[in-house]
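The values are calculated or read from the model by the stated rules, or taken from the named source; none is laboratory data. What you are looking at is a predicted structure, and each value in this text was computed from that prediction instead of being measured. Cβ coordinates were reconstructed from backbone atoms using ideal geometry, including for glycine residues, and neighbour counts include every protein chain displayed. These area figures cover heavy atoms from the full protein model, side chains too; ligands, DNA and RNA do not enter into them. Shrake-Rupley method; radii C 1.70, N 1.55, O 1.52, S 1.80 Å.
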Amino acid sequence: MATRMTREQSRAATRERLLSAARRVVAARGFHGASVEEIASEAGYSTGALYSNFSGKEDLFLALMEYEIAREVREIEAAVGQRATIPERARGGAEQWMAFVEREPELVLLFVEFWAYAVRDPDVRPQVARRMAKVRETITGLIARAADEFDLELAIPAEQLAIAVDALADGIARQKLADPQAVPDQLLGTALSLLFAAATRPRGS
């Protein structure tokens, strides 16, 4: 006999379906072109069900952004893992990020579109900033752990180096999407390796 879902499980399943539908609709139409009516219909629900889980399209997209960021962060952490050297870790993280860009370019473009919208809105901007900060926190942790493991000193704080890494990854991703032939597949990994070589030195040297 099938087990009946609890109210919390049912709500979680509804949110998951709405997020999946939002991902498909905004991928096809963009953030501004997507409507809550179309997203709800794609998920098989009424708009009332959507509004009972999210306050509106912005809230839904912020939740989608948070979900996708968490997924990609987990994959990057796994890709870096316990690789034996700093350059290998840089290449591992870069390869994972660029594979994501190639596999899901529409999602990268959506985040760029929503970022451009959010930075102009003083109410939405802090919410986007908090979610983007989670990526930098992960990168900061990876850098700090590597510095300890390999007994290295950093030329600048790990938090600032993480900002540079994040900006470099975003910039190369946009260049790759705009002109794929101009951006070699290994460029990000090479650039990160050079950045870390310049920003680190053996501790005590």
Report summary line: Per the filter on region 85-140, residues open to solvent by 40 Å² or more (accessible area, probe 1.4 Å), among the β-branched types (V, I, T) and outside any helix (DSSP H, G or I) are T85, V119
Report summary line: If we keep only residues of region 46-73 that are open to solvent by 60 Å² or more (accessible area, probe 1.4 Å) and over 16 Å from M132 (Cα atoms), then the residue farthest from the chain's Cα centre (by Cα) is S46
Requested in this report: Report yes if I76 is over 15 Å from A22 (Cα atoms), under 12 Å from the mean Cα position of the chain (by Cα) and surrounded by 17 or more Cβ atoms within 10 Å (Cβ to Cβ), otherwise no.
Outcome: yes
Report summary line: Picking from A43, A94, A84, the residue that is of a type in the set (A, V, I, L, M, F, W, C), farther than 30 Å from T190 by Cα and out of contact with any His (no Cβ under 9 Å at 6 or more places or on another chain) would be A43
Report task. For region 115-136, indicate whether the set of residues that are among the polar types (S, T, N, Q) and at pLDDT 95 or above is non-empty. Result -> no
Query raised in the report: Which of the residues that make up region 168-177 are hydrophobic (A, V, I, L, M, F, W, C) and under 14 Å from A94 (Cβ atoms)?
Result: L168, A169, I172, A173
Query raised in the report: Can you name every residue in region 65-84 that is part of a helix (DSSP H, G or I) and basic (K, R)?
Result: R71, R74
Query raised in the report: Could you list, in sequence order, the residues of region 4-38 that are β-branched (V, I, T) and at pLDDT 90 or above?
Result: T14, V25, V36
Report summary line: Within region 1-44, of all residues that are surrounded by fewer than 17 Cβ atoms within 10 Å (Cβ to Cβ), more than 23 Å from the chain's Cα centre (by Cα) and touching a residue at least 24 places away in the same chain (Cβ under 8 Å), the one nearest to V108 (Cα to Cα) is G44
Query raised in the report: What do you reckon, is A164 in contact with a strand residue (DSSP E or B) (Cβ under 7 Å, 6 or more places away or on another chain), open to solvent by less than 60 Å² (accessible area, probe 1.4 Å), part of a helix (DSSP H, G or I) and among the hydrophobic types (A, V, I, L, M, F, W, C)?
Result: no
